[in-house]
Each structure stands twice: as structure tokens, then as C-alpha cells.
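Contents: one structure, followed by commentary.
The values are calculated or read from the model by the stated rules, or taken from the named source; none is laboratory data. Keep in mind that what you see is a predicted model, and the values were worked out from it rather than measured. Glycine also receives a Cβ, built like all others from the backbone with ideal geometry; neighbour counts cover every protein chain displayed.
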Amino acid sequence: MATVSLKGVKKIYDNSVTAVHDFNLDIADKEFIVLVGPSGCGKSTTLRMVAGLEDISEGELLIDGALMNNVQPKDRDIAMVFQSYALYPHMTVYENMAFSLKLKKVPKAEIDKKVREAAAILDITQYLERKPKALSGGQRQRVAIGRAIVREPKVFLMDEPLSNLDAKLRNQMRAEIIKLRQRIDTTFIYVTHDQTEAMTLGDRIVIMKDGFIQQIGTPQEVFDHPANVFVAGFIGMPQMNMFEGKLNKTGAGYAVTVGENTVIDLAPTIAEKLAAAGYGEKNVIVGIRPEHVLLKDSGPDVLKGKVDVSEMMGSEIHLHVTAVGKDVVLRVNTADLSAEKRGGFAYGSDLNFTFRPELIHLFSADDEKNLI
């Protein structure tokens, strides 16, 4: 097992394009770290630098305290699972899984034991004599994972391993990876653009944008306390609603004004943090998650809107509402609705709503950083 440390790591290509800027991360032994972000944010490049498939332009990579910058990939004691499976088509599943061990001249009996143990963990024992073309996408990905497991690496790297699978298989394989992690108990670095994978798999997640780390934290930390507007919008589905607003001090604490004259008093817990930071009147971006929007008929804290789309999801209705000149998404529990509303809301119907005051997020209009 292994710790991994990246200290000030940069990747600068020959055309002077910097793909990764000043990447700093300490990964504990047996920790499952997920790098997540949109396409082109530098997450796969970072993983490839750990693997040795990309040179590190600046900074240091340490595995178990040993500097790895100039160590060959084969000598780093890591194993990597790719998006494309990368199986040898002319070999059986057994031969694919055994190949790296044969190259290392491992005794046949030991190879057989390791391959069959890995196959049992992944439930692919019945496919050991088949060729990859006779397997489904999910089965091929299990073989690719099995080929990495038999090497018993210090660090397990996965580069978008589920993105080639359909939605149902992706959900199944995500659960398989969670179970696998419990059974093989090694250090994982996992790359994905899918925030659902990041939230369900990671002990901690590293959110990246344009080569920079935006935030590092547990899934709950980044969901509850996003560092900036980008993280707030990226984590959570449907994504957080954002409004231009004005923060004001009131006699009792603080309030935000959204739209022309909708005033929402902030919860005491938020007001205390704002007061401690010394905030006064300020232009802000007000964030609220769709599940934290409440239907309300009237009051000074109500926004008025019109329904554009009503999506029935069974236990919930997702409503797209035009309010304050923008599309606002609400997630409404059908159990909270009257019988006639449970089938959905008519296009163009009026809908009034407000925000749960204790779950409002406030970001500076200047630098988009979280105020609280």
C-alpha cells in the first residue's frame, strides 16, 4: 500500500500551453481520491503524470516518500485501467489477465492462483477462456480491472473507466468498484467527468477547472460548502440555481434582495458567519439548490414565476420555471403536493416560490468565491 504526494506539479507542453498548474495533493494510504471536472480541465493529464505516461514539467511526485519524477512507468508499482479497456483481442481473458505476470517471470502456479482470485472477486471466472470480442462492455471492463488487480500494485489508477458503458451498466459497475475497493484495500486515484461517480466513489474529491484545483474535500463538504460558483454549479444534479442579489444588514442580522423587491432574511447561522467576516452591503450571487426551493403563495420573500416544463420523476417533479428573467429549476416532492398537482403543472401556469433561508449559498459578485 502507498501514500502519494504531488507537490507543485505542472505540465507545460512544447507549444507553451500549460495543462496543469501548481497541483498540490497528499493522498493517504488506502484512500480513494477522485479527480473530477469538465473535459480539458487537466485531470487525465495529472493521472498520466502519476503513471509516468507524461513527463512532469515542474514539481515533485512522491510515492511512499520516494521521488518518482524520472522513474520508468514499469518501475513505479502502479496499475492503470483505461477508458478503452485496451485488451489484447487475440488472447483469452485468462491470458490477458496473466500477461503482465508472465513478463515478470512469475511462476505458473502463482499466476494461476492470482488470476483465479481476481476473476472470483470480479465474478468473471466463467469467462476466463473467452476472447474479449465475446464479452459485453461491462465484462471487458471487469477483465481490464482484473488485469490490474493481479499485479497487486501500490497505487491503482483509473481513467474514466465507465464512460464507454450505458447508463444501467455504469450504475452496476460503479457499485462493483465500491465493493472492489473494500476487498482489495489499496490506494486509488480515479478520474471522471461525471459528478455522480465522484460523489459516490470518493473519500475525497478534487474538482478541477482549466488546469487549476478549485476545491478538495469530502463529497459532503463540497456539496454543502462549495468554494466558488464553479464548484457550486458543477456538483449537484440538477445544478444549483444562481441569482444576482444584494446583501444587506438588517436590525436582526442579514437579508438578501433578489429580483426587484424580493427580500429573504438569512438564517442566524449564516448571519453569524457574515458578521464575523465583517460584511456589510455587498453585491452577491445567491445560490440555491433545486431541492431547497419551496413553493409559497405570498409574502415579501416570494419570487413569482411561470412554469415552462414539468418533468414527472415519480417521487419528485422537476419544474423549469421562468423567474427574474432566467430558468429556475425546482425539485418538488410529490408527497407534498395536492392530488391535482401530483400529475404535474400546466405549461404557463403561475408558480410562486421562496428559498430555505438556512440553505442559501452566497458568493462574491467580484471573484465568485463563497462568502461563508
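With the requirement that a residue be not in a strand (DSSP E or B) and not polar (S, T, N, Q), what does the stretch 290-301 give you?
Correct list: PRO290, GLU291, HIS292, LYS296, ASP297, GLY299, PRO300, ASP301.
Contact list please: Cβ distance under 7 Å, first residue in the stretch 164-178 and assigned by TED's automatic domain parsing to the domain that holds GLN139, second residue assigned to a loop (DSSP other than H, G, I, E, B) and surrounded by 14 or more Cβ atoms within 10 Å (Cβ to Cβ), pairs at least six apart or on different chains.
ASN164/GLN83; ARG170/LEU162; MET173/LEU162; MET173/LEU165; ARG174/LEU162
Mind telling me which of the residues GLY325, GLY299, GLY278 ends up being farther than 30 Å from SER349 by Cβ and modelled with pLDDT under 95?
Checking each option against the conditions leaves just GLY278.
Which is in contact with a strand residue (DSSP E or B) (Cβ under 8 Å, 6 or more places away or on another chain) and of a type in the set (D, E, K, R), of LYS209, LYS282?
LYS282
Pull up the stretch 234-263, narrow it to residues that are among the small types (Gly, Ala, Ser) and more than 15 Å from LEU359 (Cα to Cα), then point me to the one that is farthest from the chain's Cα centre (by Cα).
First pass over the stretch 234-263, keeping only residues among the small types (Gly, Ala, Ser): 236, 245, 251-253, 255, 259.
Then keep just the ones that are more than 15 Å from LEU359 (Cα to Cα); that gives 245, 251-253, 259.
On the way: GLY245: 28, GLY251: 40, ALA252: 38, GLY253: 35, GLY259: 32 Å.
Per the stated criteria, the residue is GLY251.
Between residues in the stretch 195-213 that are not assigned by TED's automatic domain parsing to the domain that holds ARG174 and residues that are small (Gly, Ala, Ser), which pairs lie under 7 Å by C-beta distance while being six or more apart or on different chains?
none
Any chance the stretch 240-256 includes a residue that's crowded, with 18+ Cβ neighbours inside 10 Å, within 15 Å of LEU371 (Cβ to Cβ), of a type in the set (Val, Ile, Thr) and not assigned by TED's automatic domain parsing to the domain that holds HIS225?
Yes, the conditions are met somewhere in the stretch 240-256.
Please indicate, with yes or no, whether at least one residue in the stretch 232-239 is touching a Cys at 6+ places or on another chain (Cβ under 9 Å) and either loosely packed, with under 15 Cβ neighbours inside 10 Å or not in a strand (DSSP E or B) (or both).
Checked against the condition, which is being touching a Cys at 6+ places or on another chain (Cβ under 9 Å) and either loosely packed, with under 15 Cβ neighbours inside 10 Å or not in a strand (DSSP E or B) (or both), the stretch 232-239 yields no hits at all.
Among the listed residues ALA86, ALA118, ALA109, identify the single one that is free of Cβ contacts under 8 Å to residues at least 60 places away in the same chain, in the same structural domain as ALA28 (by TED's automatic domain parsing), in a helix (DSSP H, G or I) and in contact with a helix residue (DSSP H, G or I) (Cβ under 8 Å, 6 or more places away or on another chain).
Step by step, each of ALA86, ALA118, ALA109 is checked, and only ALA118 is free of Cβ contacts under 8 Å to residues at least 60 places away in the same chain, in the same structural domain as ALA28 (by TED's automatic domain parsing), in a helix (DSSP H, G or I) and in contact with a helix residue (DSSP H, G or I) (Cβ under 8 Å, 6 or more places away or on another chain).
May I ask you to verify whether LYS341 is at pLDDT below 90 and either among the charged types (D, E, K, R) or not assigned by TED's automatic domain parsing to the domain that holds GLU260 (or both)?
In short, yes.
With the stretch 241-289 as the region, which strands (runs of 3 or more DSSP E) entirely inside it contain at least 1 residues that are among the polar types (S, T, N, Q) and closer than 21 Å to ALA227 by Cβ?
So the answer is 241-249, 282-288.
Quick check: anything in the stretch 99-114 surrounded by 15 or more Cβ atoms within 10 Å (Cβ to Cβ), closer than 19 Å to PRO161 by Cβ and at pLDDT below 95?
The answer is yes; a qualifying residue exists.
For the stretch 196-220, give me the residue count where each residue is surrounded by fewer than 21 Cβ atoms within 10 Å (Cβ to Cβ) and small (Gly, Ala, Ser).
1
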